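In what follows, a single structure is set out as structure tokens and then discussed.
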2 protein chains.
Amino acid sequence: MTNDQPPRPSRRGFLKAGGAAVAAGASLGAGLATSQPALAKAPAPGTEHDPQLAVEPFYGAHQGGIVTPQQSHTYVAALDLTTDKRDDVIALLRTWTEAAARLTRGDTAAALPTGDAGDNHAAPDSGDVLGLGPNALTITFGFGPGLFTHEGKDRYGLAARRPAALVDLPRFNGDQLIHEKTGGDLFIQACANDAQVAFHAVRQLTRRAYGVATMRWGQAGFLSGPRGQTPRNLMGFKDGTNNPPIANPQSMNQFVWARATDDAPWMEGGTYTVVRRIRITLEHWDNTELGFQEQVFGRHKYSGAPIGSKNEFDAVDLTAEDKDGNPLIPENSHVRLSNRASNNGAQILRRSYSYNEGTNFYIERWPPWRQETEYDAGLIFIAHQSDPRTGFIPINDRLAKFDMMNQFTTHVGSAIFVVPPGAKPGSYIGAGLFET
Amino acid sequence: MTNDQPPRPSRRGFLKAGGAAVAAGASLGAGLATSQPALAKAPAPGTEHDPQLAVEPFYGAHQGGIVTPQQSHTYVAALDLTTDKRDDVIALLRTWTEAAARLTRGDTAAALPTGDAGDNHAAPDSGDVLGLGPNALTITFGFGPGLFTHEGKDRYGLAARRPAALVDLPRFNGDQLIHEKTGGDLFIQACANDAQVAFHAVRQLTRRAYGVATMRWGQAGFLSGPRGQTPRNLMGFKDGTNNPPIANPQSMNQFVWARATDDAPWMEGGTYTVVRRIRITLEHWDNTELGFQEQVFGRHKYSGAPIGSKNEFDAVDLTAEDKDGNPLIPENSHVRLSNRASNNGAQILRRSYSYNEGTNFYIERWPPWRQETEYDAGLIFIAHQSDPRTGFIPINDRLAKFDMMNQFTTHVGSAIFVVPPGAKPGSYIGAGLFET
């Protein structure tokens, strides 16, 4: 391909990162002729608003990628631990933490070889994002139930430290879970404003688990939102209008962040994350009347307003009735069933992405019951909450039973993870679990 | 999701397009409060360089998406015709042409319903990209061999009009083609600088083929290149350095555009497109020594320079030798085998994308022969040429036999299409085939 676009600044932090010089060998020279020689703390003049150069902090009280303004791409993955050694797990988490901190700065996962000396070794980074910026990359790690207990065995001496809130998800009505897309001992979520940057991060990290953990499932996702507006999912409806506001710390403390508890004193500032792969039968949906689509959601499609209202952010009035006394927002609509008023005030922070994995052969479950190749596309539903027992589980139990949307959606993958708080520089993600 | 980014101009051309007013009902109002009321020919002040608003022409001597500077995302799909009626095919192509012209302007595939009148009908557009810009969307249509002859039958009276250059691809060494990802009677390629915009386009078009054609395969792709530089594929090497230059019409006329021939007088300005789904064993590749990776490619990884040279665009000197008299660029390297000097001067225009479809269970074919879940990722190889008999076929025949890269790649999907020239406004893609 010949690329005629104007030059943009190259991958910041490639040659120096975080104040510590990273050696870059002579072999890098030619390809990086336009590289900036150092990672300045302030962006170069004129690049302040270049989204390619945006950096999200890795270290802090919370992990990134939870209340971070949602980036346009993700790659999520789960791994299964194969080691019996607690120290292997700690070493992996240390390695992951260090590599993730580098990657989020726009750096390679580890320093590249200098000169020809490294030619006889595999490079520590695949190099496919050289020249790209950090693109607001965040990397979020989580632990599945299998870290604490695996087939009844306490592999790492952590069984007694499993938080009560890390429950196994129940089987929900209609679940058609595929084993290979469900569960996992370790979770990585990489989000960035570039598809390759997100995938690259997970790829460098999973490589480092060789001999300690194996891939269980991986999944790319995307989300395109007009800036400043709620993005639309593949059903064409705005998704996330009624999310608790990420800019409001009080709301986040109430609904998203876990507190230190007696059973999990290390969880202050962590969260619990549920991931569901939800296939949407787009062909069926696209042939559904607009009016019925709106009844299913309980919102108008184009404006995003609750049915009977004018504007997207108008309050959802579940008591509003039409002239015949029927509820304007139908009893089994998605908005009513998922509304906090229907769920004892519970809220979860949804941060979902669409997925799009080509096509597969399906047997439709609606007239005319076609048997044919259709999209394997839908939603990677991702929700964060302070406690899934009062968050996702009761909300989804109600949705799984009653939501009119279920005729268009099938949950085919599922996982739950405890997401520990952020790490301090020099420490690692999960240190509190292993060391306190 | 709450989106804290600054507002950007909304989907241009949504309310008016191409000079013809498109009615937009009252129900659209609230969601489109920031819409520009009309599609001006000149962008609004300050938005000239907003990549979201970039528009590529649809009508013209050539179809878009061939010599168009490569966008960051694609969705490619092939369909099989199920109708026996020639008029159905023509009607579909007319519908597709009209819808594609609208979509590339950033418009919906057809006018949305006005007010409540349309509520009892399925909307003519899924609406999931409302508010987004055209994002330089191009839509390219092609015809597979099955349009001309299907199981020995001349369904549409076109068998005698099949161009000689539209050959069936031979079986290449190492091919492991999956039937469901191979072939197809009709081809759609949508490229845009946004994943959802590209998929949306194909989704609107395939919907319109209901009853006439069914989906055979679909595939999303992405490519992230630093602006002004050759992008790197998932192997971390620059991909496309030696492409014929798209900005040079003479070169495009020589290598890409077909001429009117006796057997295909309607092909002036068309091209022939080969699509190959090539899985790359990224886990194996990432554990391969950097020096060997460079031997496989025949180029240095970081600079992109031919081995023994300094700069990416240095000429590939196939005669250069090291001090022992061995060729600097190995005999079975990718660069040597695919170089035009090794192929009677033939060149093809590669315009490939990476793909990334989660994970699958694989049995590795290298030590330690792990059997485990690995990435289903690789390259959607797309190449355009004036004649595949002198382009892709001999080049790939040589590569399939000798390329060292083959130990890391597996061709699992394949298709060839004739891509007719562009349409004139009022006409349709393929009119020359059906009407002359």
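For the range A:202-249, the tally of residues that are under 26 Å from A:D84 (Cα atoms), more than 7 Å from chain B (Cβ to nearest Cβ) and aliphatic (A, V, I, L, M) stands at 5. Scoring A:E372 on the criteria (1) in contact (Cβ under 8 Å) with a residue 60 or more places away in the chain; (2) within 30 Å of B:D194 (Cβ to Cβ) leaves a single failure, condition (1).
In the range B:150-178, the residue that is surrounded by the fewest Cβ atoms within 10 Å (Cβ to Cβ) out of those that are touching a Lys or Arg at 6+ places or on another chain (Cβ under 7 Å) and more than 22 Å from B:N396 (Cβ to Cβ) is B:G157. Residue-level check: of (1) within 25 Å of A:E268 (Cβ to Cβ); (2) of a type outside the set (D, E, K, R); (3) touching a residue at least 60 places away in the same chain (Cβ under 8 Å), A:T108 misses just (1). Considering every residue within the range B:88-110, establish whether at least one is crowded, with 20+ Cβ neighbours inside 10 Å, within 14 Å of another protein chain (Cβ to nearest Cβ) and at pLDDT below 95. Checking the range B:88-110: not a single residue is crowded, with 20+ Cβ neighbours inside 10 Å, within 14 Å of another protein chain (Cβ to nearest Cβ) and at pLDDT below 95.
Scan the range B:163-179 for residues that are under 18 Å from B:D403 (Cβ atoms) and either at pLDDT below 95 or touching a Gly at 6+ places or on another chain (Cβ under 9 Å) (or both) and the total you get is 1.
Check off (1) part of a strand (DSSP E or B); (2) under 15 Å from the mean Cα position of the chain (by Cα) for B:V202 and give me the number that stays unchecked. B:V202 satisfies every listed condition except (1).
Residues that are more than 8 Å from chain B (Cβ to nearest Cβ) and not aliphatic (A, V, I, L, M) were ranked within the range A:273-292; the one that is farthest from the chain's Cα centre (by Cα) is A:F292.
Table: residues versus (1) surrounded by fewer than 22 Cβ atoms within 10 Å (Cβ to Cβ); (2) within 24 Å of B:Q196 (Cα to Cα); (3) in contact (Cβ under 8 Å) with a residue 60 or more places away in the chain; (4) under 20 Å from the mean Cα position of the chain (by Cα).
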position: A:A54; (1), (2), (3), (4): yes, yes, yes, yes
position: A:F58; (1), (2), (3), (4): no, no, yes, yes
position: A:Q63; (1), (2), (3), (4): no, no, yes, yes
position: A:Q71; (1), (2), (3), (4): no, yes, yes, yes
position: A:D80; (1), (2), (3), (4): yes, no, yes, yes
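I'm checking my understanding of the structure. Among residues of the range A:285-301 that are out of contact with any helix residue (DSSP H, G or I) (no Cβ under 8 Å at 6 or more places or on another chain) and in a helix (DSSP H, G or I), which one is nearest to A:S342 (Cα to Cα)? Applying the filter and picking the extreme gives A:E294. Scanning the range B:186-202 for residues that are more than 13 Å from B:Q219 (Cβ to Cβ) and buried (at least 24 other Cβ atoms within 10 Å of the Cβ) returns B:L186, B:A192, B:Q196, B:V197, B:H200, B:A201.
For B:D403, state whether it is under 20 Å from the mean Cα position of the chain (by Cα) and among the charged types (D, E, K, R). In short, no. The C-beta contact set for the range A:422-436 (first residue under 14 Å from A:G60 (Cβ atoms), second residue modelled with pLDDT under 95 and not in a loop (DSSP other than H, G, I, E, B), distance under 9 angstrom, 6+ apart or interchain) comprises A:S427/A:E435. Give me a count of the residues in the range A:248-277 that are of a type in the set (D, E, K, R) and either part of a loop (DSSP other than H, G, I, E, B) or more than 25 Å from A:G218 (Cβ to Cβ) (or both). Total satisfying the criteria: 4. Screening B:A320, B:A315 for residues that are free of Cβ contacts under 8 Å to residues at least 12 places away in the same chain, more than 14 Å from chain A (Cβ to nearest Cβ) and among the aliphatic types (A, V, I, L, M) leaves exactly one candidate, B:A315. Taken together, the criteria exclude B:A377 from residues that are in contact (Cβ under 8 Å) with a residue 40 or more places away in the chain, touching a strand residue (DSSP E or B) at 6+ places or on another chain (Cβ under 6 Å), within 14 Å of chain A (Cβ to nearest Cβ) and buried (at least 23 other Cβ atoms within 10 Å of the Cβ). Does A:T182 satisfy being at pLDDT 95 or above, away from every other protein chain (no Cβ under 12 Å), in contact with a strand residue (DSSP E or B) (Cβ under 7 Å, 6 or more places away or on another chain) and more than 10 Å from A:T74 (Cα to Cα)? So A:T182 passes the test. With respect to B:R171, is the statement that it is without any contact (Cβ under 8 Å) to a residue 24 or more places away in the chain and either charged (D, E, K, R) or away from chain A (no Cβ under 12 Å) (or both) true? Against the criterion (without any contact (Cβ under 8 Å) to a residue 24 or more places away in the chain and either charged (D, E, K, R) or away from chain A (no Cβ under 12 Å) (or both)), B:R171 qualifies.
So, in the range B:340-352, of the ones that are under 22 Å from the mean Cα position of the chain (by Cα) and in a loop (DSSP other than H, G, I, E, B), which residue ends up farthest from B:D387 (Cα to Cα)? Among them, the one singled out is B:S352. Take A:G304 and tell me if it is over 30 Å from A:A78 (Cβ atoms), within 11 Å of another protein chain (Cβ to nearest Cβ), in a loop (DSSP other than H, G, I, E, B) and small (G, A, S). It is true that A:G304 is over 30 Å from A:A78 (Cβ atoms), within 11 Å of another protein chain (Cβ to nearest Cβ), in a loop (DSSP other than H, G, I, E, B) and small (G, A, S).
How many of the residues in the range B:111-149 are within 12 Å of chain A (Cβ to nearest Cβ), within 27 Å of B:T82 (Cβ to Cβ) and among the polar types (S, T, N, Q)? Counting residues in the range B:111-149 that are within 12 Å of chain A (Cβ to nearest Cβ), within 27 Å of B:T82 (Cβ to Cβ) and among the polar types (S, T, N, Q) gives 1.
For the range B:252-274, filtering for residues that are more than 30 Å from B:D286 (Cβ to Cβ) and crowded, with 18+ Cβ neighbours inside 10 Å leaves 13. Among residues that are of a type in the set (V, I, T), touching a residue at least 60 places away in the same chain (Cβ under 8 Å) and surrounded by 21 or more Cβ atoms within 10 Å (Cβ to Cβ), B:V212 is not included.
Of the set (1) among the acidic types (D, E); (2) more than 24 Å from the chain's Cα centre (by Cα); (3) modelled with pLDDT of 95 or more, all apply to A:D119 but (3).
The values are calculated or read from the model by the stated rules, or taken from the named source; none is laboratory data. Predicted model only: the values in this text are computed from it and were never measured. Neighbour counts are summed over all protein chains in view; Cβ atoms, including those assigned to glycine, are modelled from backbone coordinates with ideal geometry.
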